[in-house]
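Read the structure below first, then the notes.
Derivation of every value follows stated rules applied to the coordinates shown; laboratory data play no part. Model, not experiment: these values are computed from the prediction. Backbone-built Cβ (ideal geometry, glycine too); neighbour counts: all protein chains shown.
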Amino acid sequence: MREEVAREGLARFYIPVSHEYMRSDGKIEPSWMPVFYNPYSQVNRDLTVLALRAHMKLGGRIRTFVEPLAGSCVRSIRVLLESLNDYGIAYASDISQAAVELCKRNIELNDLNTRLFVEKSDARLFLLKLDNNGVPVDSIDIDPYGSPIYYLDAAIKSVGKEAIVSVTATDLGALTGRYKDVGLRRYSAYIYPSEFSKEIGARVLMGAFVRVSSYLERSAEPLMTFYHEHFLKAIFKIKRDRRSASNAINDLGFMCLDKDGNFKAAYRIGEPPELGCFKMVGPLWLGELWDESFIDAMMSEGKQLSFLSGEALKSLEVIYSEMKVKALGYYDIHYICSRLKLNVPPFSTLIKRLNELGYKASRTHFDRRGIRTNAPIELLEEIIKSLSQN
Ligand SMILES: C[S@@+](CC[C@H](N)C(=O)[O-])C[C@H]1O[C@@H](n2cnc3c(N)ncnc32)[C@H](O)[C@@H]1O
């Protein structure tokens, strides 16, 4: 197997190299590699680093990082070098012997023999074993190829008094309603495509996370939600706290869509929907997607680190703006314009016009074609019509 030493953040690591892992479009296909490494997930790892730093900046404590689906161990190495500096221990596992062998060499290469421990294990067994052995688990990153649903129970069960848990999902077809039966099977949710499918996917994933936390009597507080081309990521603060667990479950419910897939109303579990609801999506998370002080802290930490990809900070800036809008869903302006047979107006003008009329509005990081606003669709359409006449 040919290898090269790659760099990402402050980590150096061996990765297998061969034209056999290249797709016809010239991009690497990580699932064809003998050990999984996806360079296009750097932004995901950057956000893990920033989230842990933000948590500590806000007074949280992180002594341990757990990565039960570790691949090459690049994420654990980065966390130790970039978030936990000279202290902190990481525990990693992977089901693949080849991955574990590569991890060991990568640990050596970064001089982390006394701080990063890796073993071959099924992720669930590994998590439960840490719990059983009394290891204080302060942070966990679940990063599978596909759905994280299978690992949630063991991950949430293994956390100590308080932990930061990040979950990534790449099964976007199921989460965005393209494969309805898969979505129903995996997430026990009815998911239909809509203008804001990516946000629905995030909310379904978060809803599943909160349900599992709730039956394990842990509270789950969402800190940040993120969409990127091939994955959704949600980061939670988990606490052993029965009362807050009950509060969180009250933020689960359904989103009602009209015939065209537009958002009409939201109903919490137990609330009867009004007539005229064409499709009910959910159950899903109806609460906030971002914690403002956490995003603030991630941004200020990000500005100090020159080795991150520009993408993480750019996305955080858009999130910073859209989280202030506090509206469920967003509008696909290109879709609306094609339905109305109008040209797409400049987004900056549209946002300015909405603001002048007293509404909040922002681009959304979920979709370049989207705008998040608390204005009703009828008004938005009127503004688009008036702008396209000028
Ligand atoms: C997406 S990759 C992880 C990438 C890594 N977290 C990173 O940031 O580069 C998923 C990994 O999970 C491993 N895996 C799959 N099923 C597993 C299981 N049941 N238990 C542990 N590892 C598993 C695969 O071998 C693969 O290396």
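Per-structure values
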| read-out | value |
| --- | --- |
| Pairs from Lys129/Lys237; Lys120/Lys198; Lys303/Lys385; Lys264/Lys352 whose Cα-Cα separation, in the structure shown, is over 29 Å | Lys120/Lys198; Lys303/Lys385 |
| Cβ-Cβ FRET estimate between Glu29 and Met280, R0 fixed at 41 Å, reported to 0.05 | 0.65 |
| Förster-model FRET efficiency, 51 Å R0, Glu119 and Ser293, C-beta, rounded to 0.05 | 0.90 |
| Between helix 377-389 and the chain: long-axis angle, C-alpha atoms, 0 to 90°, nearest 10 | 80 degrees |
| Partnerless Cys - the chain, beta-carbon criterion under 4.7 Å | Cys337 |
| Computed log₁₀ I(q)/I(0) - Debye formula, equal Cα scatterers, no solvent, region 3-292, q 0.09 Å⁻¹ | -0.44 |
| Cα-based shape type of region 127-262, given that a ≥ b ≥ c are square roots of the gyration tensor eigenvalues and the cut on a/c is 1.5 | prolate |
| Distance (nanometres) between label positions extended 7 Å along Cα→Cβ at Asn355 and Arg12 | 4.7 nm |
| With Cα atoms, 0 to 90° folded angle of helix 149-158 axis to the chain main axis | 60 degrees |
| Most mobile of Ile295, Ile200, Ile95 in a GNM of the chain (Cα contacts under 10 Å) | Ile95 |
| With Cα atoms, 0 to 90° folded angle of helix 42-57 axis to the chain main axis | 90 degrees |
